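Engineer: After the C-alpha cells below, expect a handful of questions from me.
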There are 4 protein chains.
Amino acid sequence: MAPSGKKGILERLDAGEVVIGDGGFVFALEKRGYVKAGPWTPEAAADHPEAVRQLHREFLRAGANVMQTFTFYASDDKLENRGNKLGFTGAQINEAACDLAREVANEGDGLVAGGVCQTPSYLSCKSEAEVKAIFKKQLDVFVKKDVDFLIAEYYEHVEEAEWAVQVLKETGKPVAASLCIGPDGDMHGVSPGDCAVRLVKAGAQIVGINCHFDPITCVKVVKMMKEGVEKAGLKAHYMCQPLAFHTPDCSCQGFIDLPEFPFGLEPRILTRWDMHKYAREAYDVGIRFIGGCCGFEPYHIRAVAEELATERGILPAASEKHGMWGAGLEMHTKPWVRARARRDYWEGLKPASGRPQCPSMSTPDSWGVTKGHADLMQQKEATTQEQLKPLFEKAKSH
Amino acid sequence: MAPSGKKGILERLDAGEVVIGDGGFVFALEKRGYVKAGPWTPEAAADHPEAVRQLHREFLRAGANVMQTFTFYASDDKLENRGNKLGFTGAQINEAACDLAREVANEGDGLVAGGVCQTPSYLSCKSEAEVKAIFKKQLDVFVKKDVDFLIAEYYEHVEEAEWAVQVLKETGKPVAASLCIGPDGDMHGVSPGDCAVRLVKAGAQIVGINCHFDPITCVKVVKMMKEGVEKAGLKAHYMCQPLAFHTPDCSCQGFIDLPEFPFGLEPRILTRWDMHKYAREAYDVGIRFIGGCCGFEPYHIRAVAEELATERGILPAASEKHGMWGAGLEMHTKPWVRARARRDYWEGLKPASGRPQCPSMSTPDSWGVTKGHADLMQQKEATTQEQLKPLFEKAKSH
Amino acid sequence: MAPSGKKGILERLDAGEVVIGDGGFVFALEKRGYVKAGPWTPEAAADHPEAVRQLHREFLRAGANVMQTFTFYASDDKLENRGNKLGFTGAQINEAACDLAREVANEGDGLVAGGVCQTPSYLSCKSEAEVKAIFKKQLDVFVKKDVDFLIAEYYEHVEEAEWAVQVLKETGKPVAASLCIGPDGDMHGVSPGDCAVRLVKAGAQIVGINCHFDPITCVKVVKMMKEGVEKAGLKAHYMCQPLAFHTPDCSCQGFIDLPEFPFGLEPRILTRWDMHKYAREAYDVGIRFIGGCCGFEPYHIRAVAEELATERGILPAASEKHGMWGAGLEMHTKPWVRARARRDYWEGLKPASGRPQCPSMSTPDSWGVTKGHADLMQQKEATTQEQLKPLFEKAKSH
Amino acid sequence: MAPSGKKGILERLDAGEVVIGDGGFVFALEKRGYVKAGPWTPEAAADHPEAVRQLHREFLRAGANVMQTFTFYASDDKLENRGNKLGFTGAQINEAACDLAREVANEGDGLVAGGVCQTPSYLSCKSEAEVKAIFKKQLDVFVKKDVDFLIAEYYEHVEEAEWAVQVLKETGKPVAASLCIGPDGDMHGVSPGDCAVRLVKAGAQIVGINCHFDPITCVKVVKMMKEGVEKAGLKAHYMCQPLAFHTPDCSCQGFIDLPEFPFGLEPRILTRWDMHKYAREAYDVGIRFIGGCCGFEPYHIRAVAEELATERGILPAASEKHGMWGAGLEMHTKPWVRARARRDYWEGLKPASGRPQCPSMSTPDSWGVTKGHADLMQQKEATTQEQLKPLFEKAKSH
C-alpha cells in the first residue's frame, strides 16, 4: 500500500500489471511558455502552478498511473548554476511540485513519484559526500510530502546513479533507477547489462532507461539490462521512458549531440502510431513500467494506453475524445478522409516530412569529452561571449 | 474603442500596428485530449473549461492580441451532424467559449473575436436563407456576449463566405473574412484576387487566409488577394493564419488531401525558426494581422511575436522563458550545445527527419469532388461500415 | 527518300511512325574517358574514333533510328574558346563525326543527322552575320558528307535558333529545331508556344526540346509548343530529347544551375522504368521523334523502344539481352529476386537513394544573368585564378 | 615476372605499390546492351567482342592495372543453368575472354587475371569433388592462355572459396581470393577475420572483398579480415572491389536483398567524389589492390587513380579528359559553373536525389534462406509461371 492508500508501485509490478508513466514536462512546458531551454529548470512549479497542474491532469487523463513531481534539475546547485532569478529556493520548488503532483494524482489512479537526477556537482568532479548531500537535500522534501516512490533518473554515469540509489534507499520507499544511456553504455563505457546489475545491487527495485534515445533504441537497451540482470541471477522490474523523437543517427550521448537539439527537433516527433509500436515492443520484452520523456505529449501517452488497453483492461479517460486507430474519421466531412478510418492505413503510412531540402539523417556533433574534461566544468554564470567565441569557431569548423 | 474598452481591431490596424493572432485550438486540444479528430467540435468549452482557459492563457502569454472564441464548427447543424453526445446545445457551447475568451483577454491586451465558419448545410446544397439562419443563430451569442469583433473564417467557397459576411455585418461590429484556399482559388475556381474583392464588397474590413496551407503558401495567397483588392481600387486590411505544417506537396484542398492528415503530420511541424521567416514575410507583404491555425502551439506564436518585437515595441510575457535565437543555450551543460546559442546556427539549420524510410513529399489524394457532388452530402450519423467499404476500396486502388 | 536511300525523316513522321533518337554523347563519353567536362567539345570523333563508333553502335542496338553526328560545340569559335589542344580543325572533327555516324547507321535502320548548336559568339553579342557564318562553316561539312537531315539544337535563345534554322534551310534538307528551355520559355522570356511558332515560320519542319530538364518537364514544354503552333494555324512535327536526370527543383536555366551539375548528378539518374513512363507520355501528347540527351545511356533508349514496341512493331536488337519488365530475373539464383520478375513490382518501386544525409531537392544557383551581361562574355583562355576568385566568393555567400 | 613479361602482381604488392583493379563488367555491359540481367552470363566475350574490348580499354585508360577476364559465371553448369542459347561452350567463352583481356592489357601496363566464382552446384549441395571439377574445367583455359594470376571471387560461403583456392593453387600462379560478404560474415556466420585466415591457409596470397556492399562497408570488412590474419600471425596482401552503389541499409546478403536490385539502383550510384574517399580510406587501412565491382564505370576507376596519383606517381591516360577536382569547369560557359571548379565545393556537396517522393533507405527483403534450403536448389530452366506465383505472393505480403 502506498502512502496515498493506493496499491503501490511494487505491488502493481509484482502482480504483473502494466504501469503507465507520464510524459516529459520540460519540453512540453517549454513549448507552452513556462520552462526555459538551456537551464531547463522547474521554477514553473512555483511561479505558474496552473500550467503544471494542467499538464499533470492531461497525462492522468491520457492514462498515466505515475505523476512524477516536476523537480527535474531542482537541486540547489543546479538552480543556482542555471540562472534561477525568481528567488525560489530549491525546497520551495520541490514542495510546490509535490503538492501539484499529489493534487492531480488524487483525481484518479495516480501514484506520486519524487525524482532526483544528475548534478553539475558530479560533472565538476565533486566528492561522493558532496554529491550525496545534494540528493539528500532534495529527498527531505519528498519524505516530508510522503511521495509514493522515488526515481533516480537521467544519469549518464552509472556511478552517480548508484550514489543516488544509495541515498534514496535510506527512506525505505521503493526506488527506481533510470539511466539516459544507449547501447554503448554509460559515458565511461560501462555496458547496459553491467549498469543494471550495479543499480540492482545498489538497491533499486526497478531499473531502466529514460531520455536521450528514441523508443526503439531504449527498448533495446532495457532488454540488454534485463539480460544482464538475469545473467547475474538477480531480479528486478523494468522501466522505459524514451524520447518522442526519432534518433536513428545518434551517437553515445543521444539527441543532445544532434544538430537539431533542442530547437529543431520537430521533424523527428513520433506519431501516435509510432507509440503503438513502442508500447507493444516494450511490453513484449517484459517491460511493465512504460512511459515517456522529452517530447511526449499527452496524446503520445494515450496511444501507449490504447495499445495496451486489453492488457490493462481499461481505456484512458481521454479516449472519450479519440477513436481507436483513426475511427473518429468516420465522421469527417470528406469521403477520402473517412477512407482513412482504419488500422492498416495508419500502420502502413510512411509520413512525409514536407521538407525536400532537408536530409533524413544528421551527423551528430561529437566533441568526445566526458566527466573530468575541463570543457565540462560547470559554472554559475551564463557563458560569456568570450567563452562562447571558441565554441562557435569549433562548431563552424566541423 | 472595443466593447472591452481597449483599442479596437480596426483602430490598431488603421494605425499600422501589428496584431498577433492566436494559434489553432482543435489540433492543440486534440493532442491534449479534449477534442475529437473527425468531428473536430468544441464541446470542451463547456465540458473542460480549464483546458480551454489554459490554452488561451498560453497564447496570450506568447504575445497574441486576439482570443478567438473556441467555437469552431459550433453550429447546431454541425454539432448534431458530428455526434455531439454530451447534450450541450450550440448556444451553451458558444456562450461558455465567449466567457473563457473574455476572461483571459482581460488578463492582458487581448481582444475577443467571435468566429463562424463553413457549414455542412452549404455543402449539402441548402438555400442561402437556410445557411444564413445558421450563422445568425451563432451570432446571437456573440452579440449577447458583446465580443470585440467578428471573423468569418475557414471557407472553401467564397459564396458561403460572402453570405457569412453579410450576416455578420448586421451587427455593426468589425468583420474579418478568411478563406481556406490556395493559389488556385476557391473550390469553384474563383481566384484569390476575385475572392478578396467579393469579400470586401460584401463588407469585410479585413480579408485573408487561414488553415489548409503552410505559411509560405498562405502569405503568397494573401498577397494575391491584396493585389486583387488594390487593382479594384478598394481598400482593406489583411490577415494570415496558416497551418504550422509544411505543405509543399498540396493540391487545391490543402492538407486535408495529404495522406498524413490528420494523424501523421508530425514530421511536417514547423520549427520556431520557420515561424520567424513566416512573420517577416507576412510583415513584408503588408499583412498586419498575423496569427496561426492548426498546428500552431504557443511557442510558434511566441516566435512570431519575437520576430516582430522591434516593430511592436514589446516582447511577449512568455519570452521570460526564452532566449532570442537560442540564447538560453548559453546556460547549457555541454559546451557543444552552448555553441548553438547563435542566430546563424538556427537560421541555417536543415533539420533531419530521423525517418530514412520515409519520403519528403507525398502524393495528395484527389477525389476531385466539390460542393454538389453526392459524395459530399453530409449526414448526422457516423459513416456506417457499409458506407466505408467502397471508400476503403477506392483508397487502396490509388 | 534520304540520301542514304532509306525512308527519310519526314516521310516517317508524315506516316505517323515513331522515330527513336539516340542518347547523349558528351555525358556518356565523359564517363568513358573521352570527353572533358567544362569544354564539352567532341575531339574524340577524331582522336578516339573507336569509342565514338562503339557508342553509336550501342544506341543503334538499343533501337535508335537517328545517329546524330558527334559534333556538339564543334564550331571553330567554340573549339578555340575551349582549349582544343590537339590541333584538329573543326572541319576535321566534323568530317570524322559524319563518317562514324554514317558507318554505324548503315549497320541498321539509322538516319544520319547533322547538328549545330548555340555559339559563344551569340552569347558574346556578335552580329547576326557573324553568327550565321559560323553555322555555315559547320554546315559545309554536313553537305559534303550528305547527311540525311539537320538539327539545330540546344539553343537557350530562340533568336539564335531562328538564325540557325534559316542557315540550315538553305541546304534543302529537312530541318529540326530544338531548344533547351523550360516552361518559362527562353532566356529572354519568350514562351514555348511563341518560340515554336517562330521556329516553324523560320522553316523548321520538326520542333521541340532537348537537354536542361527531365523528361516530364520536357514533354510538358513540347506540349506547350504544340499548342502554340496549332493555335497559330501552323503545322509541324514534334521532337523531345530530355535529360536522363530528375530535375523537379530546377529554375529557368535547368540542370546547369543545380549545385550537382555536372559531377554530382548520379542520384538523379532515371531508371529504365522512368523511361517507360517518359516514352508513353511523349507518345500520348503526339510527339513522334522521341530520344534523349545528357545522361541517356543505351539502356535508357532501349527502354523507350521497348515501351513503344507495339506501336513500332519491333523490338530493338539489344532486347535479346533484356527481358521486358524484369522478366530476365526469372533466371536469377535467389527466389526473392525471381519474385521481382513482374511489371507491377517495377512500376510501383520508389527507389531509395542510400544517402540519408542528403536532401531530395536542391536550391539552384541563380545568378540571373543572360546574354548581354558582362559575366557571360566568352574568352578563349581558361578562366584565371584571379578571375575565379570573385566567383568562388560569390558562390560561398549563397 | 608475369607471363606477360611485366612485373607480376605479387612483385608489385610486395614492393608496396598500389595496384588498381578494373570495374564491373556485367552491370556496365548490361547497360550497354550486351549482358542479360538475371542470368548475368558472359557470352558477349564471344558474340560481341568489340563491346567487351572497348570496356577493357576504357578501364585501362582509367588507370586499371588488372584486366579481369570477362568470365563471370562462365562455368558450364551455370551457362547451361541460365539459358545460354547461343550455343557457345564455356571453353569458347573463356578463351575469347582471355584473348580480349590480353589484347588490351598489352596496350598498357595491364596484367591479366583469370577468375572463377561461386557455382550453382555448390548451392545445390553437390560434393566437393563435383564442385572442384567445375573449377578445374574453367582453369584449363586460364592455363592454356597463360594468364598472369588467378582470382577466386564472389563467394558467399568461405568453404566454397577454399575449394576454389585449393584448385587454383595447383597451377603455381599467384592466387587472390575475394568473398562477397559483409561485417556479419559469410552465409553460415563465419566472421570476416576467420574467413580470411582460412583463405590464407588454403593458399591465397591476396584476400579481400568484392561486390554486395558499398565501398565504406567493404573497406571495413577487409580491415576485419586483415586484423584476423595478423592476429593469427599470418601474412597476406589485401584487395577490395566493392559496389559503386550506396548500401547503408543492407542486411547480410547485401544489395541482392535491396528492393531496388538490379533495375532500380540508379539513385545509389556513387559520384566520382565518393570514389576519392573510398580510395583514400582503402589505402589508409593498408589495402593495395583497389578496384571495383558492379556499378563501377571507367570514370569511377579514374577517380580512384586520381586520388592515388601521388602514391602511384602517375595519372591515368583518361585524365587527359578530366581536370582534377572539377578543374575542367574553369572553361565552362557560365560563371556560376566556373565557381564550382574547386575541391572544397565537390567534397562538401550533399547531392540531392531529385526524387521527393522516394525515401533514402529501403527495407531489404530477407527470406532468410541459405545453402541447403529447398528454395535455393538451382534448375536449368527459367522459373515457370507456376513456380513464380508463390514467390510473387510471398513478396507482396511483405
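The values are calculated or read from the model by the stated rules, or taken from the named source; none is laboratory data. Here the structure is a predicted model, which means the values were calculated and not measured. We place every Cβ from the backbone using ideal geometry, glycine too, and count neighbours over all the protein chains shown. Each accessible area value is taken on the protein alone, full model and side chains, heavy atoms only, with ligands, DNA and RNA left out. Shrake-Rupley method; radii C 1.70, N 1.55, O 1.52, S 1.80 Å.
Engineer: Would you call B:Gly185 closer than 25 Å to B:Phe25 by Cα, open to solvent by less than 10 Å² (accessible area, probe 1.4 Å) and of a type outside the set (A, V, I, L, M)?
Structural biologist: no
Engineer: Would you pick out the residues in the range B:255-303 that are more than 10 Å from chain A (Cβ to nearest Cβ) and β-branched (Val, Ile, Thr)?
Structural biologist: B:Val285, B:Ile287, B:Ile290
Engineer: Another question, if that's okay. Pick from B:Glu50, B:Glu11, B:Glu17: which is more than 14 Å from every other protein chain (Cβ to nearest Cβ), assigned to a helix (DSSP H, G or I) and open to solvent by 20 Å² or more (accessible area, probe 1.4 Å)?
Structural biologist: After applying the criteria, what remains is B:Glu11.
Engineer: Go through the range C:294-309 and give me each residue that's open to solvent by less than 10 Å² (accessible area, probe 1.4 Å) and either in a helix (DSSP H, G or I) or of a type in the set (D, E, K, R) (or both).
Structural biologist: C:Pro298, C:Tyr299, C:His300, C:Ile301, C:Arg302, C:Ala303, C:Val304, C:Ala305, C:Glu306
Engineer: Does C:Glu230 satisfy being of a type in the set (Asp, Glu) and open to solvent by less than 10 Å² (accessible area, probe 1.4 Å)?
Structural biologist: No.
Engineer: Please give the number of the condition A:Phe59 fails out of (1) within 12 Å of chain B (Cβ to nearest Cβ); (2) of a type in the set (Phe, Trp, Tyr); (3) in contact with a strand residue (DSSP E or B) (Cβ under 9 Å, 6 or more places away or on another chain); (4) part of a loop (DSSP other than H, G, I, E, B).
Structural biologist: (4)
Engineer: If the requirement is being among the basic types (Lys, Arg), over 14 Å from D:Phe261 (Cβ atoms) and at the interface with another protein chain (Cβ under 7 Å from one of its Cβ atoms), which of these qualifies: C:Arg338, C:Arg342, C:Arg312?
Structural biologist: Result: C:Arg342 is the single residue among C:Arg338, C:Arg342, C:Arg312 that is among the basic types (Lys, Arg), over 14 Å from D:Phe261 (Cβ atoms) and at the interface with another protein chain (Cβ under 7 Å from one of its Cβ atoms).
Engineer: Something else now. Among the candidates A:Glu306, A:Glu347, single out the residue that is more than 9 Å from chain B (Cβ to nearest Cβ), touching a residue at least 24 places away in the same chain (Cβ under 8 Å) and closer than 29 Å to D:Cys358 by Cβ.
Structural biologist: None of the others qualify; the one that does is A:Glu347.
Engineer: Something else: May I ask you to list the residues in the range B:251-303 that are under 17 Å from A:Glu297 (Cα atoms), touching a residue at least 40 places away in the same chain (Cβ under 8 Å) and touching an Asp or Glu at 6+ places or on another chain (Cβ under 6 Å)?
Structural biologist: Once the filter is applied, which keeps residues that are under 17 Å from A:Glu297 (Cα atoms), touching a residue at least 40 places away in the same chain (Cβ under 8 Å) and touching an Asp or Glu at 6+ places or on another chain (Cβ under 6 Å), the range B:251-303 yields B:Thr271, B:Pro298.
Engineer: May I pose another question? Please go through (1) modelled with pLDDT under 95; (2) among the basic types (Lys, Arg); (3) surrounded by fewer than 23 Cβ atoms within 10 Å (Cβ to Cβ) for D:Arg312 and return the number of the only condition it doesn't satisfy.
Structural biologist: Among (1) modelled with pLDDT under 95; (2) among the basic types (Lys, Arg); (3) surrounded by fewer than 23 Cβ atoms within 10 Å (Cβ to Cβ), the lone unmet condition for D:Arg312 is (1).
Engineer: To continue, here is another question. In the range C:346-376, what residues are open to solvent by 40 Å² or more (accessible area, probe 1.4 Å), farther than 29 Å from C:Leu391 by Cβ and in contact with a helix residue (DSSP H, G or I) (Cβ under 9 Å, 6 or more places away or on another chain)?
Structural biologist: C:Glu347
Engineer: Condition first: modelled with pLDDT under 90 and in a helix (DSSP H, G or I). Now tell me which residues in the range D:89-120 satisfy that.
Structural biologist: Result: D:Gly90, D:Ala91, D:Pro120.
Engineer: How many residues are open to solvent by less than 20 Å² (accessible area, probe 1.4 Å) and either of a type in the set (D, E, K, R) or assigned to a loop (DSSP other than H, G, I, E, B) (or both) when one looks only at the range C:317-338?
Structural biologist: 6
Engineer: On to the next question. Being assigned to a helix (DSSP H, G or I), open to solvent by 10 Å² or more (accessible area, probe 1.4 Å) and farther than 25 Å from B:Lys173 by Cβ is the filter here, so list the residues in the range B:33-47 that pass it.
Structural biologist: B:Asp47
Engineer: Continuing with this model, one more query. Yes or no: D:His246 away from chain C (no Cβ under 13 Å) and farther than 20 Å from D:Met187 by Cα?
Structural biologist: no
Yes/no matrix, rows are residues, columns are (1) more than 26 Å from the chain's Cα centre (by Cα); (2) over 30 Å from C:Cys117 (Cα atoms):
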| site | (1), (2) |
| --- | --- |
| D:Arg312 | no, yes |
| D:Trp325 | no, no |
| D:Ala352 | yes, no |
| D:Lys371 | no, yes |
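Engineer: Please work out if B:Ala204 is open to solvent by less than 10 Å² (accessible area, probe 1.4 Å), under 28 Å from B:Ala2 (Cβ atoms), assigned to a loop (DSSP other than H, G, I, E, B) and not β-branched (Val, Ile, Thr).
Structural biologist: Considered against the rule, which asks whether it is open to solvent by less than 10 Å² (accessible area, probe 1.4 Å), under 28 Å from B:Ala2 (Cβ atoms), assigned to a loop (DSSP other than H, G, I, E, B) and not β-branched (Val, Ile, Thr), B:Ala204 comes out as yes.
Engineer: Please work out if A:Glu107 is within 12 Å of chain B (Cβ to nearest Cβ) and either closer than 22 Å to A:Leu139 by Cβ or open to solvent by 10 Å² or more (accessible area, probe 1.4 Å) (or both).
Structural biologist: Spelling it out, A:Glu107 is indeed within 12 Å of chain B (Cβ to nearest Cβ) and either closer than 22 Å to A:Leu139 by Cβ or open to solvent by 10 Å² or more (accessible area, probe 1.4 Å) (or both).
Engineer: So, one more: Here are C:Glu130, C:Glu162, C:Glu170, C:Glu153: which of them is buried (at least 24 other Cβ atoms within 10 Å of the Cβ) and more than 14 Å from chain D (Cβ to nearest Cβ)?
Structural biologist: C:Glu153
Engineer: Hey, D:Thr119 hits all of (1) surrounded by 24 or more Cβ atoms within 10 Å (Cβ to Cβ); (2) in contact with a strand residue (DSSP E or B) (Cβ under 9 Å, 6 or more places away or on another chain) but one; which does it fall short on?
Structural biologist: (2)
Engineer: Can you pull out the residues in the range D:275-290 that are of a type outside the set (Phe, Trp, Tyr), in contact with a strand residue (DSSP E or B) (Cβ under 9 Å, 6 or more places away or on another chain) and open to solvent by 10 Å² or more (accessible area, probe 1.4 Å)?
Structural biologist: D:Val285, D:Gly286, D:Arg288
Engineer: So D:Lys223 passes all but one of these: (1) within 14 Å of another protein chain (Cβ to nearest Cβ); (2) open to solvent by 10 Å² or more (accessible area, probe 1.4 Å). Which condition number does it fail?
Structural biologist: Here D:Lys223 meets the rest and fails (1).
Engineer: Quick check: anything in the range D:159-171 under 18 Å from the mean Cα position of the chain (by Cα), under 27 Å from D:Ser4 (Cβ atoms) and of a type in the set (Ser, Thr, Tyr)?
Structural biologist: no
Engineer: Also: For the condition touching a residue at least 60 places away in the same chain (Cβ under 8 Å) and of a type in the set (Gly, Ala, Ser), what is the one hit in A:Ala164, A:Ala196, A:Ala152, A:Ala176?
Structural biologist: Answer to the check: A:Ala176.
Engineer: Which of the residues spanning the range B:109-146 are of a type outside the set (Gly, Ala, Ser) and either more than 25 Å from B:Ile181 (Cβ to Cβ) or free of Cβ contacts under 8 Å to residues at least 12 places away in the same chain (or both)?
Structural biologist: Across the range B:109-146, the qualifying residues are B:Asp109, B:Leu111, B:Val112, B:Lys126, B:Glu130, B:Lys137, B:Asp140, B:Val141, B:Val143, B:Lys144, B:Lys145, B:Asp146.
Engineer: So, of the residues in the range C:245-274 that are in a helix (DSSP H, G or I) and among the aromatic types (Phe, Trp, Tyr), which turns out to be surrounded by the most Cβ atoms within 10 Å (Cβ to Cβ)?
Structural biologist: C:Phe255
Engineer: Does B:Pro192 count as within 14 Å of the chain's Cα centre (by Cα) and either farther than 19 Å from B:Asp14 by Cα or of a type in the set (Phe, Trp, Tyr) (or both)?
Structural biologist: Here the answer is no, as B:Pro192 does not meet what is asked.
Engineer: Give me a count of the residues in the range C:350-377 that are in contact with a Lys or Arg (Cβ under 6 Å, 6 or more places away or on another chain) and either more than 9 Å from chain D (Cβ to nearest Cβ) or aliphatic (A, V, I, L, M) (or both).
Structural biologist: Looking only at that region, the number is 0.
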